[in-house]
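Note sheet for the following structure.
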Amino acid sequence: MSDDRSGKTNINLDLVQVLDLGCGILRQLFFKLPESRAKAALKDLKNGSTLSLGEMTLRPKGAAADAPEAGKVPLALELDYSEFRGPGFSFPVYRAALNAMLDKIALAMRAKKDLNILTNQQTGGMLIHQPGVIQLGEQINVLLLAIEPPKTKKGGVVFRLMFVDPDQYKRKDAEQVSPEA
């Protein structure tokens with residue numbers, strides 16, 4: 001971890017490891033914890049809150065697990081559902097989209113396939129283009145995951161779940177996943 005002249009922190013993170021960690025945390029939070037806690041977390045996200053997900057411990061590359069740590073990076077979660085289409089943005093709908101997206105990411109990672117990552121050259125943020133697609137009636141919605149690196153020395157990695165404009169996707173190519181009742 002080092003600082004450049006602009007005050008930004010330069011951290012070299014293994015994207016696959018960070019993505020795997022983030023996906024594991026999302027599965028734990030929304031599928032393994034009691035539903036009441038998962039619903040409360042979604043309610044906070046819908047209200048614009050940033051949820052703390054704990055910290056990631058950094059170690060020098062190639063260091064043993066018991067080697068001294070090089071630092072800790074806070075992890076956080078945000079949700080942007082401003083482009084969600086139609087009524088009915090509920091917990092089952094959100095979970096169905098999240099599950100579809102996490103399954104696609106896991107499948108691509110296990111098969112060691114390209115994750116189709118789009119990078120923002122200005123911020124260093126990465127959009128993991130493995131969409132979670134759901135269909136409610138005739139309406140399709142698409143959920144994606146972005147990973148934003150720390151912007152300052154004390155900043156953290158932000159996992160940003162985003163519903164994006166579904167019109168960008170061809171309906172014939174969309175996977176159709178129905179949410180749980």
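For the stretch 123-143, a residue qualifies if it is surrounded by fewer than 20 Cβ atoms within 10 Å (Cβ to Cβ), under 21 Å from LEU77 (Cα atoms) and free of Cβ contacts under 8 Å to residues at least 60 places away in the same chain, and the qualifying residues are THR123, GLY124, GLY125, LEU127, HIS129. Among the candidates LEU77, LEU29, LEU42, the residue that is modelled with pLDDT of 95 or more, under 16 Å from the mean Cα position of the chain (by Cα), farther than 29 Å from ASP114 by Cα and surrounded by 16 or more Cβ atoms within 10 Å (Cβ to Cβ) is uniquely LEU42. Screening ARG171 against (1) at pLDDT 90 or above; (2) more than 27 Å from ILE25 (Cβ to Cβ) leaves a single unmet condition, (1).
The values are calculated or read from the model by the stated rules, or taken from the named source; none is laboratory data. Bear in mind that the values here come from a model prediction, so they are computed numbers and not experimental data. Every residue, glycine as well, gets a Cβ built from its backbone with ideal geometry; the counts of neighbours run over all protein chains shown.
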